[in-house]
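Written out below as structure tokens is the structure these notes cover.
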Amino acid sequence: MSRRLRGILCVLGGVLTFSSSSSIVKWADTPGSAIAFWRLLLSVILWWIVLSVARIWRGRPFPSAATWRAMMLPGICFGLNITLFFTAITRTSIAHAEFITALSPLLLVPAGALLFHEHIDHRALAWGVVTAGGLAIVVFSGGGQGGASLSGDLLVLCVVVMWVAYLLTGRRARATVDVTDFMATVMPIGFVVAAPLALVISGDAVWNMSSRGWASAALLSVLTGMLAHGLVAAAQRDVDVGTISILQVSQPALAVCWAYVLIDEEIRLAQVPGMVLVVLGLIAFTIVSQRGASRRAAADAGAGAEAVPAAAAAGSGRGG
């Protein structure tokens with residue numbers, strides 16, 4: 001098996017795993033912020049076990065004070081993203097939540113232009129309009145299907161903002177922080193942020209979760225907290241970011257399938273054309289953005305230009 005094929009399989013495994021998280025949260029029938037609390041805490045423990053083993057076997061140092069400082073903003077954004085998403089998913093349909101969060105690349109384009117001086121490709125923005133139109137069909141033709149609500153959808157928009165902020169601040173941090181230190185610091189910082197929110201939102205439910213709630217927290221800490229992130233990180237060595245981004249576009253559609261299988265949440269036939277438009281629009285948006293970045297990188301070779309736009313690494317729009 002070639003390294004590229006192995007990398008693509010890793011991405012697909014990561015996407016399949018990430019796409020299940022929203023259904024697992026909703027299946028728990030437990031306040032989402034309570035699950036976020038335990039999911040983050042268990043992930044902290046798991047990542048620090050990894051660090052401790054690496055220290056014993058290879059003498060790897062623990063993250064430095066400089067690393068913790070660099071990871072402060074990404075960790076805060078990540079904690080808010082996880083808590084808001086897990087809360088939102090219990091207040092709206094999975095179709096709404098997943099397809100709204102898929103729009104994060106459309107926010108990253110202007111943000112990347114502002115913060116990293118990336119060129120805005122107007123052809124990509126045209127596909128962004130197609131994507132937004134598809135989302136409008138998904139949202140407005142779904143009605144109250146799957147427990148969808150305006151308040152839940154607005155909360156999902158906040159999730160997207162926090163994910164974009166996490167990616168932008170995390171991108172700066174990754175210049176000096178490797179993957180293991182990144183995950184081992186972003187998780188505890190995120191937990192410190194999520195813990196008080198969970199206690200305020202969920203109250204005693206944090207300590208008195210149902211058996212499904214405990215099972216969900218344990219599953220998510222391993223599946224998304226470790227496995228999915230690890231698979232995507234491993235794939236980055238063998239697969240270009242553009243390909244990873246295109247493969248990740250399938251995540252909302254897979255999440256809808258998980259919702260049907262795990263919690264019997266159906267969609268309306270009228271929503272399907274909108275879903276198709278969102279997926280196709282995001283694929284075209286990613287391809288055009290990636291090609292434009294590659295041409296500019298070739299033209300500016302040797303000048304230190306950024307080869308991949310921030311939007312290309314947008315992922316799912318939430319941490320899972």
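Only one residue of GLY213, TRP68, SER23 has its Cα farthest out toward the positive end of the dipole of the chain, where Lys and Arg carry +1 and Asp and Glu -1 on Cβ, and that residue is TRP68. Mean-square fluctuations from a GNM of the chain, with a 10 angstrom spring cutoff on Cα atoms, peak among PRO196, PRO252, PRO61 at PRO61. Put in order of Cβ neighbour count within 10 Å, fewest first, the listed residues HIS122, HIS96 become HIS122, HIS96.
In the chain, taking the dipole from charged Cβ atoms about the Cα centre, the farthest positive-side position among ALA54, VAL288, PHE85 is held by ALA54.
Each other residue within a Cβ distance under 12 Å of SER52 adds +1 if Lys or Arg and -1 if Asp or Glu, for a net charge of +3. Subtracting the Cα-Cα distance of ASP264 and ALA175 from 0.36 nm times their residue separation leaves 27.7 nm of extension gain. Model label points for ALA218 and ARG58, set 7 angstrom from Cα along the Cα-to-Cβ axis, are 3.0 nm apart.
Relative contact order of segment 3-313: 40 percent, from C-alpha pairs under 8 Å at least 6 residues apart in sequence. A Förster distance of 35 Å, applied to the separation of the beta-carbon atoms of ASP29 and ALA132, puts the FRET efficiency at 0.60.
Relative contact order, whole percent, for segment 47-196 stands at 50, derived from Cα pairs under 8 Å and 6 or more residues apart. For the chain, the Cβ-based charge dipole about the Cα centre amounts to some 760 debye (Lys, Arg positive; Asp, Glu negative; other atoms uncharged). Within the chain, the selection of entire DSSP H helices by a Cα span of 15 Å or greater along the long axis and an average Kyte-Doolittle value of at least 1.6 returns 72-88, 104-116, 179-202, 251-263. Mean residue ellipticity, 222 nm, helices only, the chain: the sum of -39500 (n - 2.57) across DSSP H runs of n ≥ 4, divided by residue count and rounded to 500, is -24000 deg cm²/dmol. Placing dummy labels 7 Å off each Cα toward the beta-carbon, the span from MET72 to ALA233 is 2.3 nm.
Three principal axis extents of the chain based on alpha-carbon atoms, in descending order, are 58, 56, 41 Å. Stretched out straight at 0.36 nm per residue, the stretch from VAL276 to GLN145 would grow longer than its current Cα-Cα span by 45.3 nm.
No value in this document is a laboratory result; all are computed from the given coordinates. In this text, all values refer to a predicted model and were calculated from it rather than measured experimentally. Virtual Cβ from ideal backbone geometry, glycine too; neighbours counted across all protein chains shown.
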